[in-house]
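The values are calculated or read from the model by the stated rules, or taken from the named source; none is laboratory data. Keep in mind the model is a prediction, meaning the values are calculated, not measured. Positions of Cβ are backbone-derived with ideal geometry, glycine not excepted, and every protein chain shown enters the neighbour counts.
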Amino acid sequence: MTTGKQLIKGNTAIVEAALDAGCRFYAGYPITPQNEIPETMSWRMPEEGGTFIQAESELISINMVFGASAAGARAMTTSSSPGISLMQEGISYMAGCELPAVLVNVMRGGPGLGNIAPSQSDYFQAVKPGHGDFHIITLAPHNISEMYDYTFDAFDLADKYRIPVMILADGLLGQLMENVELDRSRKPALLNAPKPWALTGASGRKGQRIVSLLMQPGALEKHNMDLNEKYNLIKKNETRHELAGMEKNPEYLIAAFGTCARISKGTMNIAADAGIKTGLFRPITLWPFPYEALKEAAKKVKKVFVFEMNLGQMVEDVRLAVGDDSKIEFYGRPGGGVPTAEELFEFIRGKVK
Amino acid sequence: MIEKIIIAGSGGQGVLTLGMYLAQIASFEGKNAAWLPAYGAEKRGGPSFCSLIISDREIFSPVVETPDTLIVFDQRALDNYAGKAGPGTLVIENSSLILEDRVKGANKLLIPAGEIAGKLDEIRVANIVLAGAYAAAKKIFNTENAAGVMKEMLGKKAVKMMEKNLAAFREGFAFASKPAERI
């Protein structure tokens, strides 16, 4: 196509990003609304000389990724909300073993099997995953370009810090097709970086192990402290956000991520036409959450409107950042409800009268 | 400009493909396009639906509430989506599969896309008849681009299918260009 733009689905963009980033191992199990990922992987991965496996369950998928990562591969699995619940044990083990991997959650409504409509129901299980005292990096795209870019970035982040990285998308971003110009000239920075910790056969070197069980007195506490040092480094280096509209000195700030942030950009335009100036704070990393940047932005406004496709999950982190509950107004749609830009504007108008 | 479209019909009629085709033409012409399907229990004969927004500006919410154009392939789609049509909505109906027109007072274009495709001896191009009709009715595309985009989308199938798809587009375009057909 002459414009250099291609029409691509969010789920497909994730596949192409993973392959461009050098991912050569994928294991997954079907679940709507992310099925185009394993479907496309099933033929694209062999084309690139990698391994695609449709595992018999999500538990097996995450543990296959565990094994591939331990052997030094760039590995990935994807699922949707109920499937991610099943993977939480494996995610905790990988965090304990300090293994890199990229995970994608194309969220749907819950709890339980819920439905297959777009939702942001899993903010909690993304930023507070599994058992044990650990974190994973979570990136939240809000358009199809970012589905590609953040997935690509995730592989380098995972290798750099030896940590699982999750892309937190939703059914709308997974199913949506947009025409985008993807920058496919980028090279993954750490693709060929040595992984001396990997289990590649002990011929010519001392044997080594990758374990998360540390039974010697004090050993686990020291491990937790070492992990914490790494987490502090990630907080310092990798916290990301987008702040829009502040140049017009808005009276109000909208805080939203992913699809809700995208819809909120439409709301900002409607509000501007009605003479209400708003800014937008969009966390890109949900962990580490950009507390400091939000705290600073919130100081400049009268109110912070928090919009989510759930009944209030990210709003807890917004409260911690803002430190003044009287400033915060929350509006959410659970169970697959997708708000319109007009609906969010009506909420704002009702609160600022 | 911004053009919001809802396309509805049944699985197997090319509902999603029609949306993708219009999105590809828009993309080819440098506009932004956002295509969103209903997904889940898709099957041949079951309800099928997609929405499409075409704009020369950034597209925020890709969800279409009130469409500028509603394209319906059959009676069930019309029954389900007629309520989405607003006073300014153009409703394009495949009259070959619609017995009872429930849309009152709207700007309508009734076109027997199924019969036109049947005359071309290829019922599968009925969706492209509707694409031609849409192009004539809304004039947001340069129709010269329709063939090139079609060829690219058909890929290897172009050898066998290009001629009939192109004929379908032209028939739909010609039909909708006749003012008498507009109700």
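Taking region A:237-353 and the strands (runs of 3 or more DSSP E) fully enclosed by it, the elements with 3 or more residues that are without any contact (Cβ under 8 Å) to a residue 60 or more places away in the chain and away from chain B (no Cβ under 13 Å) are at A:241-244, A:303-308, A:328-332. Checking the structure you have, find out if any residue of region A:61-74 is polar (S, T, N, Q), within 14 Å of chain B (Cβ to nearest Cβ) and crowded, with 23+ Cβ neighbours inside 10 Å. The answer is no; no qualifying residue exists. Those residues that are touching an Asp or Glu at 6+ places or on another chain (Cβ under 9 Å) and either among the small types (Gly, Ala, Ser) or surrounded by 22 or more Cβ atoms within 10 Å (Cβ to Cβ) (or both), I need them from region A:32-46; list them, please. Answer for region A:32-46, where residues must be touching an Asp or Glu at 6+ places or on another chain (Cβ under 9 Å) and either among the small types (Gly, Ala, Ser) or surrounded by 22 or more Cβ atoms within 10 Å (Cβ to Cβ) (or both): just A:Pro33.
For every residue, the table says whether it meets (1) buried (at least 16 other Cβ atoms within 10 Å of the Cβ); (2) in a loop (DSSP other than H, G, I, E, B).
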position	(1), (2)
B:Tyr81	yes, no
B:Gly86	no, yes
B:Val103	yes, yes
B:Lys157	no, no
B:Met162	no, no
B:Gly172	yes, no
B:Ala176	yes, no
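Please go through region B:135-146 and give me each residue that is free of Cβ contacts under 8 Å to residues at least 24 places away in the same chain and either of a type in the set (Val, Ile, Thr) or within 14 Å of chain A (Cβ to nearest Cβ) (or both), ordered by number. B:Glu144 - this is the single residue of region B:135-146 that is free of Cβ contacts under 8 Å to residues at least 24 places away in the same chain and either of a type in the set (Val, Ile, Thr) or within 14 Å of chain A (Cβ to nearest Cβ) (or both). Which pairs have Cβ atoms under 7 Å, sit 6 or more apart or on different chains, and link a residue in region B:55-76 that is away from every other protein chain (no Cβ under 14 Å) to one that is acidic (Asp, Glu) and crowded, with 24+ Cβ neighbours inside 10 Å? Listed pairs, sorted by first residue: B:Val72/B:Glu93. Number of residues in region A:98-115 that are surrounded by fewer than 22 Cβ atoms within 10 Å (Cβ to Cβ) and not small (Gly, Ala, Ser) equals 4.
For region A:174-193, the criterion of being more than 13 Å from A:Tyr148 (Cα to Cα), within 14 Å of chain B (Cβ to nearest Cβ) and acidic (Asp, Glu) is met by none of the residues.
Okay, residues lined up against (1) in a loop (DSSP other than H, G, I, E, B); (2) surrounded by 23 or more Cβ atoms within 10 Å (Cβ to Cβ):
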position: A:Gly96; (1), (2): no, no
position: A:Gly130; (1), (2): yes, no
position: A:Ser145; (1), (2): no, no
position: A:Asp153; (1), (2): no, yes
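The residues of region A:294-327 that are aliphatic (A, V, I, L, M), surrounded by 15 or more Cβ atoms within 10 Å (Cβ to Cβ) and either under 29 Å from A:Gly114 (Cα atoms) or at pLDDT below 95 (or both), listed by number, are A:Val306, A:Met309, A:Met314, A:Val315, A:Val318. Just to be sure, is B:Arg124 at pLDDT 95 or above and surrounded by fewer than 17 Cβ atoms within 10 Å (Cβ to Cβ)? Criteria met by B:Arg124. Scanning region B:1-23 for residues that are of a type in the set (Gly, Ala, Ser) and closer than 21 Å to B:Phe173 by Cβ yields B:Gly9, B:Gly14, B:Gly19, B:Ala23. Among the numbered conditions (1) in the same structural domain as A:Ala169 (by TED's automatic domain parsing); (2) assigned to a helix (DSSP H, G or I); (3) touching a residue at least 40 places away in the same chain (Cβ under 8 Å), the only one that A:Leu199 does not meet is (2). Here A:Leu190 fulfils each of the conditions (1) assigned by TED's automatic domain parsing to the domain that holds A:Thr267; (2) farther than 29 Å from A:Val318 by Cβ apart from (1).
Looking across region A:266-279, the residues that are in contact with a Ser or Thr (Cβ under 9 Å, 6 or more places away or on another chain) and surrounded by fewer than 22 Cβ atoms within 10 Å (Cβ to Cβ) come down to A:Gly266, A:Ala272.
Counting the residues of region A:1-43 that are away from every other protein chain (no Cβ under 14 Å) and within 20 Å of the chain's Cα centre (by Cα) gives 17.
Counting the residues of region B:88-101 that are surrounded by fewer than 19 Cβ atoms within 10 Å (Cβ to Cβ) and of a type outside the set (D, E, K, R) gives 3. Output yes when any residue across region A:203-223 is more than 14 Å from chain B (Cβ to nearest Cβ), aliphatic (A, V, I, L, M) and in contact (Cβ under 8 Å) with a residue 40 or more places away in the chain, and no when none is. Yes, some residue in region A:203-223 is more than 14 Å from chain B (Cβ to nearest Cβ), aliphatic (A, V, I, L, M) and in contact (Cβ under 8 Å) with a residue 40 or more places away in the chain.
Buried (at least 17 other Cβ atoms within 10 Å of the Cβ), small (Gly, Ala, Ser) and over 20 Å from A:Tyr331 (Cα atoms): does that describe A:Gly204? Criteria not met by A:Gly204.
Taken over region A:59-87, the criterion of being closer than 18 Å to A:Asp170 by Cα and in a helix (DSSP H, G or I) is satisfied by A:Ser81, A:Pro82, A:Gly83, A:Ile84, A:Ser85, A:Leu86, A:Met87. Among residues of region A:207-243 being under 20 Å from A:Ile284 (Cβ atoms) and hydrophobic (A, V, I, L, M, F, W, C), the one that is surrounded by the most Cβ atoms within 10 Å (Cβ to Cβ) is A:Ile234.
B:Ile92: on the phi < 0 side of the Ramachandran plot, among the β-branched types (Val, Ile, Thr) and under 15 Å from the mean Cα position of the chain (by Cα), yes or no? The answer is yes for B:Ile92.
Tell me yes or no: at least one residue of region B:16-24 is crowded, with 24+ Cβ neighbours inside 10 Å and away from chain A (no Cβ under 11 Å). Yes: region B:16-24 contains one or more residues that are crowded, with 24+ Cβ neighbours inside 10 Å and away from chain A (no Cβ under 11 Å). Applying the condition of being surrounded by fewer than 24 Cβ atoms within 10 Å (Cβ to Cβ) and touching a residue at least 40 places away in the same chain (Cβ under 8 Å) to region B:26-47 and asking which residue is farthest from the other protein chains (Cβ to nearest Cβ) yields B:Glu29.
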